[in-house]
Amino acid sequence: VEASIPEPQREAWKKNQTSGFRGKTEFEKEVVRHVETTLARSVFNCDENAAYAATSLAFRDRLILDWNRTQQRQTYRDSKRVYYLSLEFLMGRALDNAMLNVGQKDDAKAGLAELGFRIEDIIGQEHDAALGNGGLGRLAACFLDSLASLDFPAWGYGLRYRYGIFKQEIIDGYQVEVPDYWLDFNPWEFPRHDVTVDIQFFGNVSKSVDSNGKAIAKWEGGEIVQAVAFDVPIPGYATPTTNNLRLWSSKASGGEFDFQKFNNGEYESSVADQQRAETISAVLYPNDNLERGKELRLKQQYFWVAASLYDIVRRFKKSHRPWIEFSDQVAIQLNDTHPTLAIVELQRILLDIEGLEWSLAWDIVTSTFGYTNHTVLPEALEKWPVGLMQHLLPRHLQIIYDINLFFLQTVEKAFPNDRDILRRVSIIEESQPKMVRMAFLAIVGSHKVNGVAELHSDLIKTTIFKDFVEIYGPDKFTNVTNGITPRRWLHQANPRLSELIASKVGGHDFLKDLTLLNRLERYAEDKDFRKEWYEIKYANKVRLAKHIKATTGVTVNPAALFDVQVKRIHEYKRQQLNIFGVIHRYLTLKGMTPEERKKMLPRVSIFGGKAAPGYWMAKQIIHLINSVGSIVNNDPEIGDLLKVIFIADYNVSKAEIITPASDLSEHISTAGTEASGTSNMKFVLNGGLIIGTCDGANIEITREIGESNIFLFGNLAEDVEDLRHTHNYGDHAIDSDLEKVFLEIEKGTFGTPNDFSAMIAAVRQHGDYYLVSDDFHSYIETHHLVDEAYRNQEEWIKKSIISVARMGFFSSDRCINEYAEQIWNVEPLVVHD
Ligand code: GPU
């Protein structure tokens, strides 16, 4: 029951409403107040950490007011809302973002300076919110920023992991994983101990018939785990709209302990129950583009989905509208197949709890959901054993079988003479053991399915989902090319570049309409402008060089070409191609006379990224990169001509330092394997050029910025299958330059050869699935073109400026507007000041 203040007392409330600090002086007052009272510290005992805490609390107070107002307004208007369901939200730090979005970073900077602190040091105290693995989770975070900035009424729903993605340490060249306990002090979340949902697992289904002859299914028994809501405010940029990210945390139902057991003297088992419940939201699975089918993961998925749907349905029911209006009020987007059980759960709620007929319920369900696919890699497509589903979610499995039955009946009608299509598209794979194919369930239960870049959206239609295009027609399948938020990835990460751009394109409006960047293009011909542009890039490289020195001890020359590949380590992303290329460069330099060497261009090859803890080959790649670094970086003949750096623990806040400092970044996946990629967009937006394959969003980036501004190489997606075939059936010859690289590794130049034998065998003996040898020559040649282009600095800078000017398309704002129009049918709701 909601309590509200009676009319006569409301005056007193209104009179005392806070408005948050305005200006430097009030900010300082708030900081000091928080240090003294909230943190209970004496003001002369305030270190950087306490200053961070107090600054965050001051901004948090500021955000809460807008947040409350936004939520009130959205509730009052009761217009359609978007719910973005994602198992990952890779948010990074919140303070800097909050300061910039509310437009008070300057106040904070001046205020902190007066109190004796540098704002960068204070910002640097914050622990990244690292509830994601890579691109998929970061995309969700960019989407939240755009949804709020564009004033869409939208909520994110996710899990509040106690441990986010592990911290990576490099010890003797090897990756070591350290748990990331990040919740010690988190001012950005609000526990809502009053918002809880009981989630059921296991148990049995009993079927009966009611007095009208209607079948009733009852899911009974099993165990209950409680979901507790934690809310995170998501401020939009230059708007009061502040949306909500709701993360669920698990705990034993009925409070801390089961008192019955407790009183019966079963203290230990009572504590054990509690821990088992808490395990559900304890840890983020650290795999990227890989599903391993663990029971706890399925539990996480259902726990999160059931709590979120309960919440969404509860909100809908407050409006007392008829059920057929559900999808006029609610759009739910499934970020990959991880939340697919939401489809089944909503059908269950409508059928078993609300008593709707199957077909009405199913119409509501399918018009509510949209499904985004993020990969064609077979090992990443989720399948769950039928037996596991039966055990954990018996009622859901029945509903899945019914969904499948009705679906296959319509397929059979449409394709009466095709037996095989039923086997191919069945949601249940008739394998040993039988499996539930989650992507197929997501397609059948959604009204739209989208890929994340044009090539990828075409590929899913012609390969993994081909039959479904036949069944539903092409209109159910669409493309929404990914984007990135220019607020974090330009304004926050590269403030000087953002200011220079603002000074030329008519202020900061470009941060909300990125196409305004096109006004920059004419400055490519302006020599003074090019000088300023270059100086900013150089300063960013100096900053990165300092970070490299501080963390690895290696001195790199900021005048060298910084060649960067930072992303999750994966064979399909081909860091192995990059490091083999680096070895080739090293051998070439070693084979030169000192005079010849003097003419060469200095390079720094920078790597970063985490390997899934169980991904052995990826770990071997990290080890080779570090081993090559330790030889090359200490070779006096080489000096500054080549340095090889592995930056440990790549994460969002490291990306904010690395991205603005790159001259060239590598997006070199085997054609047809990277669904989109988003770091490619970040690097170009920061004035770096790209070397890349014709894959994912690289293709659209090329279309936008022009072929002469990107270094493309390698085989095309359409040829990959044939090439793989020749590897397996012909006697396939390895590229001769690559063979020299292999022989050098096998000589022991970079340490014990056996340590790297699997990487070599993958190419030589195991069919070179990722086409490293096929693309090697083209890759090396294209790097030569890069060197030549970099020698002409003026031309290089022109390419850089023109590229940035043409990147407007890749804002996540454009992307969100496309989802809103094509898939969600929602409109912005402005919250007036
Ligand atoms: N992606 Br599936 C992930 O980061 N993790 C995953 O488990 C899956 C996909 C990425 C794609 O690899 C990348 O190409 C894409 O840009 C990103 O999702 C966002 O769509």
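Out of the stretch 755-810, which residues are of a type in the set (S, T, N, Q), touching a helix residue (DSSP H, G or I) at 6+ places or on another chain (Cβ under 9 Å) and surrounded by fewer than 18 Cβ atoms within 10 Å (Cβ to Cβ)? Before you say what the answer is, go through the steps one by one.
In the first step, residues of the stretch 755-810 are kept if they are of a type in the set (S, T, N, Q); the result is 757, 765, 773, 778, 782, 792-793, 800, 803.
Among the residues that remain, those that are also touching a helix residue (DSSP H, G or I) at 6+ places or on another chain (Cβ under 9 Å) are: 757, 773, 793, 800, 803.
Matches in the stretch 755-810: Ser757, Gln793.
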Item to check | Subset of the stretch 607-620 (residues that are touching a residue at least 60 places away in the same chain (Cβ under 8 Å) and not in a loop (DSSP other than H, G, I, E, B)) | outcome: Trp616, Met617, Lys619, Gln620
Next on the checklist: Anything in the stretch 746-793 that is closer than 25 Å to Lys598 by Cα, under 30 Å from the mean Cα position of the chain (by Cα) and aromatic (Phe, Trp, Tyr)? List them, or say none.
Outcome noted: Tyr779
Checklist entry - Which pairs have Cβ atoms under 6 Å, sit 6 or more apart or on different chains, and link a residue in the stretch 775-796 that is free of Cβ contacts under 8 Å to residues at least 60 places away in the same chain to one that is not in a helix (DSSP H, G or I)? => result His777/Asp735
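Return the residues of the stretch 581-601 that are aliphatic (A, V, I, L, M) and under 15 Å from Lys643 (Cα atoms); say none if nothing qualifies.
So in the stretch 581-601, the residues aliphatic (A, V, I, L, M) come out as 582-583, 587, 589, 592, 600-601.
Selection gives Val582, Ile583, Leu587, Leu589, Met600, Leu601.
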Next on the checklist: Checking the condition surrounded by fewer than 23 Cβ atoms within 10 Å (Cβ to Cβ) and either on the phi > 0 side of the Ramachandran plot or modelled with pLDDT of 95 or more (or both), which residue from Thr70, Thr38, Thr75, Thr55 passes?
Outcome noted: Thr38
Checklist outcome for this item: Listed by first then second residue, the pairs whose first member lies in the stretch 279-297 and is assigned to a helix (DSSP H, G or I), whose partner is within 16 Å of the ligand (Cβ to nearest atom), with beta carbons under 6 Å and at least 6 positions apart or on separate chains, are Arg297/Tyr285
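Look through Phe190, Phe185, Phe143, Phe166 and report the one residue that is among the aromatic types (Phe, Trp, Tyr) and out of contact with any strand residue (DSSP E or B) (no Cβ under 9 Å at 6 or more places or on another chain).
Numbers: Phe190 fails: out of contact with any strand residue (DSSP E or B) (no Cβ under 9 Å at 6 or more places or on another chain); Phe143 fails: out of contact with any strand residue (DSSP E or B) (no Cβ under 9 Å at 6 or more places or on another chain); Phe166 fails: out of contact with any strand residue (DSSP E or B) (no Cβ under 9 Å at 6 or more places or on another chain).
After applying the criteria, what remains is Phe185.
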Item to check | Residue match in the stretch 342-355 (condition: within 16 Å of the ligand (Cβ to nearest atom) and either closer than 27 Å to Glu430 by Cβ or under 31 Å from the mean Cα position of the chain (by Cα) (or both)) | outcome: no
Checklist entry - Tally time: how many residues in the stretch 116-157 are within 16 Å of the ligand (Cβ to nearest atom), over 30 Å from Tyr76 (Cα atoms) and among the polar types (S, T, N, Q)? => result 1
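Across the stretch 275-295, what is the number of residues that are under 26 Å from Pro433 (Cα atoms) and surrounded by 15 or more Cβ atoms within 10 Å (Cβ to Cβ)?
So the first thing to find is which residues in the stretch 275-295 are under 26 Å from Pro433 (Cα atoms), and the list is 280, 285-295.
This time we only want the ones that are surrounded by 15 or more Cβ atoms within 10 Å (Cβ to Cβ), so: 280, 285-291.
Final tally of qualifying residues: 8.
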Next on the checklist: So if I check each of Ser359, Ser367, which one is free of Cβ contacts under 8 Å to residues at least 24 places away in the same chain and either surrounded by 24 or more Cβ atoms within 10 Å (Cβ to Cβ) or among the polar types (S, T, N, Q) (or both)?
Outcome noted: Ser359
Item to check | Residue among Lys207, Lys251 that is of a type outside the set (S, T, N, Q), surrounded by fewer than 12 Cβ atoms within 10 Å (Cβ to Cβ) and in a strand (DSSP E or B) | outcome: Lys207
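Those residues that are in a helix (DSSP H, G or I) and touching a residue at least 60 places away in the same chain (Cβ under 8 Å), I need them from the stretch 76-105; list them, please.
Keep residues of the stretch 76-105 that are in a helix (DSSP H, G or I), which gives 76-77, 95-102, 105.
Within the stretch 76-105, Arg77, Asp96, Asn97, Ala98, Leu100, Asn101, Val102 meet the criteria.
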Next on the checklist: Can you say whether Ala113 is away from the ligand (no atom under 16 Å from the Cβ), more than 27 Å from Cys815 (Cβ to Cβ), crowded, with 23+ Cβ neighbours inside 10 Å and among the small types (Gly, Ala, Ser), as far as the supplied structure shows?
Outcome noted: no
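Would you be able to tell me the number of residues in the stretch 373-405 that are assigned to a helix (DSSP H, G or I) and either under 23 Å from Leu422 (Cα atoms) or within 16 Å of the ligand (Cβ to nearest atom) (or both)?
Applying the first criterion (assigned to a helix (DSSP H, G or I)) to the stretch 373-405 yields 378-380, 386-392, 394-405.
Next, from what is left, pick out any that are either under 23 Å from Leu422 (Cα atoms) or within 16 Å of the ligand (Cβ to nearest atom) (or both): 378-380, 386-387, 389-390, 396-405.
Total meeting the criteria: 17.
With respect to Thr702, determine if the residue is of a type in the set (S, T, N, Q), touching a Leu at 6+ places or on another chain (Cβ under 8 Å) and within 15 Å of the ligand (Cβ to nearest atom). Explain how you work it out, then say what you get.
On the way: of a type in the set (S, T, N, Q): yes; touching a Leu at 6+ places or on another chain (Cβ under 8 Å): yes; within 15 Å of the ligand (Cβ to nearest atom): no.
Judged against the criteria, Thr702 is not a match.
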Item to check | Matching residues in the stretch 312-324 - criterion: being over 17 Å from Gln74 (Cα atoms) and surrounded by fewer than 13 Cβ atoms within 10 Å (Cβ to Cβ) | outcome: Pro322, Ile324
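Please work out if Val271 is within 18 Å of Glu223 (Cα to Cα), over 33 Å from the mean Cα position of the chain (by Cα), surrounded by 13 or more Cβ atoms within 10 Å (Cβ to Cβ) and among the hydrophobic types (A, V, I, L, M, F, W, C). Steps first, please.
On the way: within 18 Å of Glu223 (Cα to Cα): yes; over 33 Å from the mean Cα position of the chain (by Cα): yes; surrounded by 13 or more Cβ atoms within 10 Å (Cβ to Cβ): yes; among the hydrophobic types (A, V, I, L, M, F, W, C): yes.
Considered against the rule, which asks whether it is within 18 Å of Glu223 (Cα to Cα), over 33 Å from the mean Cα position of the chain (by Cα), surrounded by 13 or more Cβ atoms within 10 Å (Cβ to Cβ) and among the hydrophobic types (A, V, I, L, M, F, W, C), Val271 comes out as yes.
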Checklist entry - Just for the stretch 660-715: of the residues that are out of contact with any strand residue (DSSP E or B) (no Cβ under 8 Å at 6 or more places or on another chain) and assigned to a helix (DSSP H, G or I), which one is surrounded by the fewest Cβ atoms within 10 Å (Cβ to Cβ)? => result Glu707
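The values are calculated or read from the model by the stated rules, or taken from the named source; none is laboratory data. A quick note: this is a predicted structure, and the numbers were derived from the prediction, not measured. Every residue, glycine as well, gets a Cβ built from its backbone with ideal geometry; the counts of neighbours run over all protein chains shown.
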